[in-house]
Amino acid sequence: TLYRRALAVTKNNIVAHINLGAVLQDTDRKESIVQYEAALRIRPDDFLAHHNLGSALAEQGRLDEAILHYREAIKHHPGYFEAYTDLGMALMHKGRYDEAYADMLKAVEINPEYAQGHNNLGLLLDDLSQPKEAIAHFQDAIALDPGYMHAHYNYGVCLARLGRNREAIEQYEAAVSL
């Protein structure tokens with residue numbers, strides 16, 4: 001690939017390592033981790049390398065390591081709202097709901113237009129048996145991105161739990177149509 005060629009002919013090319021890691025993340029997670037780690041050896045304070053490494057580790061179920069890298073990303077770029085929501089999701093999967101809520105809320109406070117952040121906050125609130133609050137965030141996510149299939153589906157699940165089946169079916173149909 002272009003990035004492998006760039007790495008072969010350049011030295012300490014952090015951009016090539018990060019981009020190659022991103023390209024490989026869906027097909028070869030182990031190699032993507034190697035690339036992000038190489039980027040961090042070049043620039044240990046690179047927020048994007050930390051965030052992407054956290055995501056690759058989370059996809060492998062290595063949540064404790066992912067949490068550390070998401071926190072490093074935030075340390076080096078406190079306004080990086082994607083890292084807050086990904087940290088929140090990792091914490092939620094670890095059962096650390098209070099911490100997850102604080103980080104997910106921070107993500108949507110930094111960027112109120114962040115549809116994925118609202119969707120993920122809705123998931124957490126639904127898990128915490130706060131369906132009214134969850135619904136508000138699913139609705140926000142859909143208002144911000146009407147084509148966000150996961151938000152329609154998650155909203156439908158929440159509505160179904162409340163016995164609002166007709167509305168739930170509408171959301172499922174919207175999700176399927178996307």
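Results, tabulated for the structure shown:
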{"quantity": "Reachable aspartates and glutamates, given that their alpha-carbon falls under 16 Å from the alpha-carbon of LYS132 and they are not under 8 places away in the same chain", "calculated": "ASP140, GLU167"}
{"quantity": "Cα-centre dipole for the chain with unit charges at Cβ (Lys and Arg positive, Asp and Glu negative), debye to 20", "calculated": "520"}
{"quantity": "Spatially proximal lysines relative to LYS75 (Cα-Cα < 19 Å; intrachain offsets below 8 disregarded)", "calculated": "LYS106"}
{"quantity": "Accessible area, probe 1.4 Å, largest first, for residues ARG5, ARG41", "calculated": "ARG41, ARG5"}
{"quantity": "Alpha-carbon centroid distance for the pair the range 1-73 / the range 135-178, whole angstrom", "calculated": "34"}
{"quantity": "Burial order of peptide ranges 105-116, 86-97, 47-58, 19-30 (average beta-carbon count within 10 Å, highest first)", "calculated": "47-58, 86-97, 105-116, 19-30"}
{"quantity": "Carbon + sulfur, % of accessible area of the chain - ligands and nucleic acids excluded, 1.4 Å", "calculated": "51"}
{"quantity": "Value of relative contact order over the range 71-168, rounded to a whole percent, pairs C-alpha under 8 Å and six or more apart", "calculated": "18"}
{"quantity": "Prolate/oblate/rounded call for the range 1-83, Cα gyration tensor, a/c under 1.5 rounded", "calculated": "oblate"}
{"quantity": "Lysines with Cα under 24 Å of LYS30, excluding same-chain neighbours fewer than 8 positions away", "calculated": "LYS11, LYS94"}
{"quantity": "Accessible surface, the range 133-178, averaged per residue in Å² (probe 1.4 Å)", "calculated": "58"}
{"quantity": "Choice from ILE42, ILE67, ILE142 showing the highest fluctuation, given a GNM over the chain with Cα pairs closer than 10 Å", "calculated": "ILE42"}
{"quantity": "Relative contact order (%) - the chain, alpha-carbon pairs under 8 angstrom, separation at least six", "calculated": "10"}
{"quantity": "Three-way shape label, the range 54-133, alpha-carbon gyration tensor, a/c 1.5", "calculated": "oblate"}
{"quantity": "Length gained when the stretch MET149-VAL176 is fully extended (0.36 nm per residue, less Cα-Cα span)", "calculated": "9.0 nm"}
{"quantity": "Counted charge near GLU99, where neighbours are those whose Cβ lies closer than 15 Å (Asp, Glu -1; Lys, Arg +1)", "calculated": "-1"}
{"quantity": "For the chain, calculated [θ]222 nm from helices alone, where every DSSP H run of n ≥ 4 adds -39500 (n - 2.57)", "calculated": "-25000 deg cm²/dmol"}
{"quantity": "Global form of the chain, assessed from the alpha-carbon gyration tensor, a/c cut-off 1.5", "calculated": "prolate"}
{"quantity": "Charge context of LYS30, other residues only, Cβ under 14 angstrom, K/R +1, D/E -1", "calculated": "-4"}
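The values are calculated or read from the model by the stated rules, or taken from the named source; none is laboratory data. Please read these numbers as outputs of a predicted model, since none were measured by experiment. Every residue, glycine among them, receives a Cβ derived from its backbone with ideal geometry; neighbour counts consider all protein chains shown. Quick note on the areas: whole protein, heavy atoms, side chains included, nothing else; ligands and nucleic acids left out. Shrake-Rupley method; radii C 1.70, N 1.55, O 1.52, S 1.80 Å.
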